[in-house]
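Here the structure is laid out as structure tokens; the discussion comes afterwards.
The values are calculated or read from the model by the stated rules, or taken from the named source; none is laboratory data. Quick caveat, the model's predicted, so the values are computed rather than measured. All Cβ positions, glycine included, derive from the backbone under ideal geometry; neighbour counts span all protein chains shown. Note: areas computed on protein heavy atoms with side chains; ligands, DNA, RNA excluded. Shrake-Rupley method; radii C 1.70, N 1.55, O 1.52, S 1.80 Å.
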Amino acid sequence: MELNMGTKIIALRKAKGMTQEQLAAALGVSAPAVSKWETGSSYPDITLLCPLARALGTDVDNLLAFEEELSQEKLGQYMTELIGIARQGNIPQAEEQLNALLHRYPSDIPLKFTAIPVLSFFEMNSDVSTDCGDEDKARWTKQKKELAQAVHDDGNPAYYLSSVSVLVSLSLAEGELERAEALLKENLTNTADFTPLWVRLHLKKGEKDQALGILQRQAYKLVGELRACLASLMGEELDLERDRVLEICGILEQLDEMFSVGGNMNVGLFAEVYLRMGEQERALEYLEQMAERLAGQTPPPNPLIFSPAIAPEPEKLQWSREMKLTVLQALEKDACFEPLRGHKRFEATVNRVAGLVS
């Protein structure tokens with residue numbers, strides 16, 4: 001699997017168009033000596049490494065195949081080869097070659113990180129090899145933890161958060177709940193979503209209410225983010241096809257009806273969309289719905305999904321005066337409503353909202 005020194009000398013010599021005799025003459029050694037280097041039966045004297053590298057048009061690091069880190073292409077090739085060997089039932093050989101790579105590239109963080117799922121693959125497929133038992137699985141688990149810890153401690157942003165997930169999962173599997181919780185708390189400010197790990201932690205601790213609350217709050221957050229994305233998709237700047245925008249509008253309306261996140265006040269946005277499409281009657285219907293909703297209470301988030309974690313007090317379900325004033329100012333000043341100015345239904349809607357503000 002590895003490119004040894006003899007193979008490297010052959011490749012470089014041929015690339016230079018040199019024979020063994022020519023290389024030997026350049027170094028002041030015999031042709032049989034070069035032959036032995038290339039077959040791996042002996043190695044050049046250390047004093048010959050620099051002259052040999054110069055003769056081959058390279059440096060000593062390349063001659064010795066020294067690399068601090070594998071290229072992504074080589075890493076992928078090696079891992080594919082290891083998985084193939086393991087699939088054939090020869091997991092001990094695959095493990096030996098994996099450890100040889102880890103030993104050869106001790107500072108290669110991508111290699112360490114990629115080795116973790118390979119070790120998991122060994123665990124999942126250990127039944128195909130008669131040479132593997134519980135001791136092997138324990139060793140692989142221990143090695144995964146060591147590798148994940150090394151990646152974590154290195155702090156490489158490309159792998160850090162994933163290493164946290166691995167460490168937390170291993171800690172939970174081994175009942176190390178305090179360790180798992182400490183890791184999660186260390187990363188409270190990170191943008192990664194550790195919700196499944198927090199839920200597993202609380203369930204392991206018998207804290208079902210906390211697990212439920214985390215899931216409900218996360219669901220509420222995700223629905224809010226989805227609403228915002230759909231609203232952006234309907235923006236005039238994207239200039240999507242009319243039918244596509246109206247279909248997205250319908251999806252967002254269904255989303256509001258199902259989850260009731262945000263007080264179902266996307267009706268104002270729907271009015272703008274339909275008005276932009278030239279459908280004034282539909283726009284007026286949505287504006288009238290908006291005024292109707294402002295006159296009542298904010299509908300609570302769907303209790304089936306979000307309660308009790310997201311369950312506002314009754315007094316908090318009232319629309320604020322600031323919200324009503326914002327809507328009134330939009331109706332009176334926003335240019336998008338200019339086509340409706342003077343329309344009886346529109347003016348009646350504006351007057352109704354103004355009455356709610358006063």
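Summary of values
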| read-out | value |
| --- | --- |
| Tabulated pairs, region 293-321, first within 17 Å of Gly224 (Cβ to Cβ) and touching a residue at least 60 places away in the same chain (Cβ under 8 Å), second open to solvent by 60 Å² or more (accessible area, probe 1.4 Å) and of a type in the set (Phe, Trp, Tyr), C-beta under 6 angstrom, 6+ apart or interchain | Phe306/Tyr220; Ile310/Tyr220 |
| Residue among Leu328, Leu255, Leu284 that alone is open to solvent by less than 30 Å² (accessible area, probe 1.4 Å) and in contact with a His (Cβ under 9 Å, 6 or more places away or on another chain) | Leu284 |
| Inter-residue pairs, beta-carbon under 9 Å, first more than 11 Å from Leu177 (Cα to Cα) and in region 196-209, second outside any helix (DSSP H, G or I), 6+ apart | Asp209/Pro308 |
| Index of the failed condition, Ser163 passing every other in (1) in contact with a Leu (Cβ under 9 Å, 6 or more places away or on another chain); (2) part of a loop (DSSP other than H, G, I, E, B) | (2) |
| Restricting region 196-225 to residues that are polar (S, T, N, Q) and open to solvent by 20 Å² or more (accessible area, probe 1.4 Å), the residue that is farthest from the chain's Cα centre (by Cα) | Gln210 |
| Region 18-34, residues that are of a type outside the set (A, V, I, L, M, F, W, C) and farther than 16 Å from Arg54 by Cβ | Thr19, Gln20, Glu21, Ser30, Pro32 |
| Criterion (of a type outside the set (A, V, I, L, M) and under 30 Å from Leu82 (Cα atoms)) met by exactly one of Thr19, Thr39 | Thr39 |
| Pair list, Cβ under 6 Å, 6 or more apart: region 87-105 residue at positive phi and among the small types (Gly, Ala, Ser), other residue crowded, with 16+ Cβ neighbours inside 10 Å and part of a loop (DSSP other than H, G, I, E, B) | Gly89/Ser129 |
| Helices (runs of 4 or more DSSP H) completely within region 38-133 that count 1 or more residues being modelled with pLDDT of 85 or more | 49-55, 72-87, 91-104, 109-124 |
| Selection from region 1-37 of residues that are surrounded by fewer than 17 Cβ atoms within 10 Å (Cβ to Cβ), modelled with pLDDT of 90 or more and among the polar types (S, T, N, Q) | Thr19, Gln22, Ser30, Ser35 |
